[in-house]
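**Q** What follows is a structure written as structure tokens; I'll ask about it next.
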Amino acid sequence: MKTVQLNDDQTVLEDDRSSNVRNYEVIREVTSLTWNGSLMMIKGYAYFKNVALIKDDNLYKSLIFKNNNEQEEILFEFPLVDQPTYHREEYKWAGFKGSINLSAVTKGGAPLPNGSYNVFLSLSYGSSSDDAIVQEVTLGNVQKFLKNDFHSTKLEFYTAKRHLQYNLMATQNMKLKTLQLVSTKLKDLNPADLEPHTNKFTKKAKKRNDIFFKLLYKMFSILPIKKDRVTFASDSRIEMDGNFGFVYENMLEQGLKLDYKFMLKSAITDKKSFKETFQLAYWFATSKKIILDDFYPLIYPLKIREEADLIQVWHAVGAFKTFGYSRVGRPGGPSIKSLNHRNYTKAVVSSKNIVRHYAEGFGIEEEAVVPIGVPRTDIFFDEKYKDNKRNELYDQYPFLQGKKVILFAPTFRGNGQSSAHYPYDMLNLEKLYNELKDEYIFIFKVHPFIKNKISIPYHYEDFFYDFSEHREINDLLFVTDILITDYSSVCFEYALLRKPMIFFSYDVEEYIQKRDFYFEYQSFIPGVLAKTTEDILYSITNNHFESEKIEPFVKYFFDDLDGKSSERFVNQLIKEDE
């Protein structure tokens, strides 16, 4: 068959050349349409009959959503990825594939709005708007891809002030021969309305309490500091575990006879009684050492006394995604005028290489950041502790034995605790189950801020397990064979075990733009990057983890690999006066 060149980018096959090159029949077929909850994945091919698609230059395919009414207004457009196909050689680049998360289609990341939509395929080819051939066509018969002729799922959206939930129904539009989507709003509420402690009266009461607390602190600051008093304060734990536990245990092991005080709450929203508020103001004002392990808003407006130390051991290891004042000007970032964190006299980190990042994040001088190691990492050098924890977990959960364990531990999505969520539909449970069930079990340990819990189908319950309520993730790492995470700092602790990691970061480009990291993400991660469930399966089944990155990663982010961080903390920060 001969060809005629229209311009540098456009070729028409001669046999059926038309006088109007912009009016061509579109040959198309959807070869695959699959769903994973709200995630729609489509594959197929489309081409203009008698217009060769030998190169993919100036070729553009997309899915467009139109109103299901006479106006047929285009409301949404989603680009498709060109794929080579062997349908016919002259139409090599006719193929396409794409995926759309219908829970996040608007500019603000919200679900497909309430309404009825018809889905069309748009095909464009040409070097300019004057020469381009453009056509919109229906998808054809997609009913065969819909189990029992329909697919339904929930679409959800979380922010600090709004929780949206829709029901999505996908069917075949019999008249137009295309896919029809109907989104029906089920819920639209402000989460704060469900929590009485956030109403205006309570906010005013909290402000009064904060003022009262500051006055008490100033009053008690007249008293002399007690040289032996150490106060542990946390709004994220009710037991002396984590960093607190290891520091306190070392103090006892060294026989330090100190006046220990504890103010532990499970969350910032847990109200402190009048007695507790009074005690805490007195302890803060008269303690030689005040130790925090997380965000603690009550203390930030206070001026720490010159003879005292406010020490932050933090809850994370290493430096990964930006936090605190490193995020000024970004969504969810603090005001430059904020007082949060700025009154720390000491902050503990694992390596001199990350001192500057923590100084920037906390808004303090680099001299105040001490790279003596993170106390809770000591257990990774204690073989007896690790063996005991493994045995405890095996006794409590016998199913952990006999198969390899995959631990899925992602961080949350959203701008903070009030909007924290995770889009589980990005993970295809069916594929993971079918491919891995014989050799592995799969454990979920999601961030404690995440509001929406994973719903495990009953027929997968011998493979998937939800351990999100298990307090200390580090203990779970000792029975884990493969860690799957994304932007969580758990990768630092797990690297100490020199075991394989997969970074399931389906939204890495967006995350880099909105949240950003202290290091370039792809060169930073000590493992393989996966964007799809298929990528995860490929890494596991082919033993492809890029584990050679782990050792240099550990050497960069840990100055001391001796299991003595707690001892250094006590010797250098608590006993310094001695």
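The values are calculated or read from the model by the stated rules, or taken from the named source; none is laboratory data. Because the structure is predicted, anything quoted here is derived from the model rather than measured. Every residue, glycine among them, receives a Cβ derived from its backbone with ideal geometry; neighbour counts consider all protein chains shown. SASA here: full protein model, heavy atoms, side chains in, ligands and nucleic acids out. Shrake-Rupley method; radii C 1.70, N 1.55, O 1.52, S 1.80 Å.
**Q** Would you please name the residue that is farthest from the chain's Cα centre (by Cα), looking only at residues in the stretch 423-447 that are part of a loop (DSSP other than H, G, I, E, B) and farther than 24 Å from L393 by Cβ?
**A** Initial filter on the stretch 423-447 (part of a loop (DSSP other than H, G, I, E, B)): 423, 427-428, 437-439, 445-447.
When the remaining residues are screened for being farther than 24 Å from L393 by Cβ, the result is 423, 428.
On the way: P423: 9, N428: 17 Å.
Across the stretch 423-447, the extreme among qualifying residues is N428.
**Q** Follow-up. Working carefully through the options I502, I450, I512, find the one that is part of a loop (DSSP other than H, G, I, E, B) and within 18 Å of Y422 (Cα to Cα).
**A** On the way: I502 fails: part of a loop (DSSP other than H, G, I, E, B); I512 fails: part of a loop (DSSP other than H, G, I, E, B).
Result of the check over I502, I450, I512: I450.
**Q** A further question follows. Can you name the residue in the stretch 269-315 that is β-branched (V, I, T) and either touching a Phe, Trp or Tyr at 6+ places or on another chain (Cβ under 7 Å) or crowded, with 20+ Cβ neighbours inside 10 Å (or both) and is also nearest to N474 (Cα to Cα) among such residues? Steps first, please.
**A** First, the residues of the stretch 269-315 that are β-branched (V, I, T): 269, 277, 286, 290-291, 299, 304, 311, 313.
Subset that is either touching a Phe, Trp or Tyr at 6+ places or on another chain (Cβ under 7 Å) or crowded, with 20+ Cβ neighbours inside 10 Å (or both): 277, 286, 290-291, 299, 311, 313.
Values: T277: 32, T286: 34, I290: 25, I291: 21, I299: 28, I311: 23, V313: 16 Å.
Restricting to residues being β-branched (V, I, T) and either touching a Phe, Trp or Tyr at 6+ places or on another chain (Cβ under 7 Å) or crowded, with 20+ Cβ neighbours inside 10 Å (or both), the top hit is V313.
**Q** Checking H470 against (1) within 26 Å of N391 (Cα to Cα); (2) at pLDDT below 90; (3) open to solvent by 60 Å² or more (accessible area, probe 1.4 Å), which single condition isn't satisfied?
**A** Failing condition for H470: (3).
**Q** Taking only the stretch 525-535 into account, find how many residues are under 12 Å from D486 (Cα atoms) and surrounded by 18 or more Cβ atoms within 10 Å (Cβ to Cβ).
**A** Selection size over the stretch 525-535: 5.
**Q** I need the strands (runs of 3 or more DSSP E) fully contained in the stretch 214-300, keeping only those with at least 1 residues that are under 22 Å from D378 (Cα atoms). Even if it seems obvious, please write down each step before you answer.
**A** Working: elements: 226-234, 259-264, 287-292.
So the answer is 226-234, 287-292.
**Q** I'm trying to understand the selection: among the residues of the stretch 86-123, which are open to solvent by less than 30 Å² (accessible area, probe 1.4 Å) and among the β-branched types (V, I, T)?
**A** Result: I100, V105, V119.
**Q** From the set of residues in the stretch 364-380 that are open to solvent by less than 70 Å² (accessible area, probe 1.4 Å) and assigned to a helix (DSSP H, G or I), which is nearest to F569 (Cα to Cα)?
**A** Checked the stretch 364-380; the qualifying residue nearest to F569 (Cα to Cα) is P375.
**Q** Next up: Can you pull out every residue in the stretch 248-267 that is among the aliphatic types (A, V, I, L, M) and touching a Leu at 6+ places or on another chain (Cβ under 9 Å)?
**A** Step one: list which residues in the stretch 248-267 are among the aliphatic types (A, V, I, L, M), which gives 251-252, 256, 258, 263-264, 267.
Listed by number, the residues that qualify are M251, M263.
**Q** Run I550 past the list (1) crowded, with 16+ Cβ neighbours inside 10 Å; (2) over 30 Å from K227 (Cα atoms); (3) out of contact with any Gly (no Cβ under 8 Å at 6 or more places or on another chain) and report the number of the one that doesn't hold.
**A** The failed condition is (3).
**Q** When the residues of the stretch 454-481 are narrowed to those that are in a loop (DSSP other than H, G, I, E, B) and out of contact with any helix residue (DSSP H, G or I) (no Cβ under 9 Å at 6 or more places or on another chain), which ends up nearest to K404 (Cα to Cα)? Don't jump to the end; show me each part of the working.
**A** Initially, the stretch 454-481 is screened for residues in a loop (DSSP other than H, G, I, E, B), giving 454-457, 461-463, 467-472, 478-481.
Subset that is out of contact with any helix residue (DSSP H, G or I) (no Cβ under 9 Å at 6 or more places or on another chain): 461, 468-469, 481.
Details: E461: 16, S468: 19, E469: 21, D481: 6 Å.
The qualifying residue nearest to K404 (Cα to Cα) is D481.
**Q** Take the residues in the stretch 132-151 that are surrounded by 15 or more Cβ atoms within 10 Å (Cβ to Cβ) and outside any loop (DSSP other than H, G, I, E, B), then tell me which one is modelled with the lowest pLDDT.
**A** Residues of the stretch 132-151 that are surrounded by 15 or more Cβ atoms within 10 Å (Cβ to Cβ), as a first pass: 132-133, 135-140, 142-143, 145-146, 151.
With outside any loop (DSSP other than H, G, I, E, B) added as a condition, the list becomes 133, 135-138, 143, 145, 151.
Values: I133: 85, Q135: 89, E136: 92, V137: 93, T138: 94, Q143: 94, F145: 94, H151: 94.
The residue in question is I133.
**Q** A follow-up question, please. Out of all the residues in the stretch 316-336, is one or more buried (at least 19 other Cβ atoms within 10 Å of the Cβ), among the aliphatic types (A, V, I, L, M), touching a strand residue (DSSP E or B) at 6+ places or on another chain (Cβ under 7 Å) and touching a residue at least 40 places away in the same chain (Cβ under 8 Å)?
**A** So far as the stretch 316-336 goes, no, none of its residues is buried (at least 19 other Cβ atoms within 10 Å of the Cβ), among the aliphatic types (A, V, I, L, M), touching a strand residue (DSSP E or B) at 6+ places or on another chain (Cβ under 7 Å) and touching a residue at least 40 places away in the same chain (Cβ under 8 Å).
**Q** Condition (residue is free of Cβ contacts under 8 Å to residues at least 24 places away in the same chain and more than 18 Å from the chain's Cα centre (by Cα)) applied to the stretch 515-527: is it met by at least one residue?
**A** Yes, the conditions are met somewhere in the stretch 515-527.
**Q** Between S266, S221, S273, S287, which is more than 30 Å from Y158 (Cα to Cα), modelled with pLDDT under 95 and among the hydroxyl-bearing types (S, T, Y)?
**A** Numbers: S266 fails: more than 30 Å from Y158 (Cα to Cα); S221 fails: modelled with pLDDT under 95; S287 fails: modelled with pLDDT under 95.
Checking each option against the conditions leaves just S273.
**Q** For the stretch 207-214, indicate whether the set of residues that are touching a strand residue (DSSP E or B) at 6+ places or on another chain (Cβ under 6 Å) and at pLDDT 85 or above is non-empty. Outline the logic, then answer.
**A** Here is the first cut: in the stretch 207-214, the residues touching a strand residue (DSSP E or B) at 6+ places or on another chain (Cβ under 6 Å) are none.
Taking every residue of the stretch 207-214 in turn, none turns out to be touching a strand residue (DSSP E or B) at 6+ places or on another chain (Cβ under 6 Å) and at pLDDT 85 or above.
**Q** Quick check on the stretch 473-485: of everything there that is modelled with pLDDT of 95 or more and either out of contact with any strand residue (DSSP E or B) (no Cβ under 9 Å at 6 or more places or on another chain) or among the acidic types (D, E) (or both), which residue is farthest from N391 (Cα to Cα)?
**A** Within the stretch 473-485, the subset modelled with pLDDT of 95 or more is 476-485.
Next, only the ones that are either out of contact with any strand residue (DSSP E or B) (no Cβ under 9 Å at 6 or more places or on another chain) or among the acidic types (D, E) (or both) stay: 478, 481.
On the way: F478: 10, D481: 16 Å.
Selected residue: D481.
**Q** Taking into account only those residues within the stretch 301-315 that are outside any loop (DSSP other than H, G, I, E, B) and touching a residue at least 60 places away in the same chain (Cβ under 8 Å), which is farthest from G373 (Cα to Cα)?
**A** Of the residues in the stretch 301-315, the ones outside any loop (DSSP other than H, G, I, E, B) are 309-312.
Imposing the further condition that a residue be touching a residue at least 60 places away in the same chain (Cβ under 8 Å) reduces the set to 309, 311.
On the way: D309: 18, I311: 14 Å.
The selected residue is D309.
**Q** Could I ask something else about it? Kindly provide the set of residues from the stretch 10-40 that are modelled with pLDDT of 50 or more, buried (at least 17 other Cβ atoms within 10 Å of the Cβ) and not in a strand (DSSP E or B), ordered by number.
**A** Selection gives Y24, G37, S38.
**Q** Take K227 and tell me if it is modelled with pLDDT of 85 or more, more than 31 Å from the chain's Cα centre (by Cα) and loosely packed, with under 15 Cβ neighbours inside 10 Å.
**A** Numbers: modelled with pLDDT of 85 or more: yes; more than 31 Å from the chain's Cα centre (by Cα): yes; loosely packed, with under 15 Cβ neighbours inside 10 Å: yes.
Criteria met by K227.
**Q** Considering each residue of the stretch 339-363, count those that are closer than 16 Å to D294 by Cα, open to solvent by 20 Å² or more (accessible area, probe 1.4 Å) and without any contact (Cβ under 8 Å) to a residue 24 or more places away in the chain, and give that number.
**A** So the answer is 0.
**Q** Would you pick out the residues in the stretch 55-65 that are surrounded by fewer than 20 Cβ atoms within 10 Å (Cβ to Cβ) and either in contact with a strand residue (DSSP E or B) (Cβ under 7 Å, 6 or more places away or on another chain) or in a strand (DSSP E or B) (or both)?
**A** Of all residues in the stretch 55-65, those surrounded by fewer than 20 Cβ atoms within 10 Å (Cβ to Cβ) come to 55-60, 62, 64.
Result: D56, N58, L59, Y60, S62, I64.
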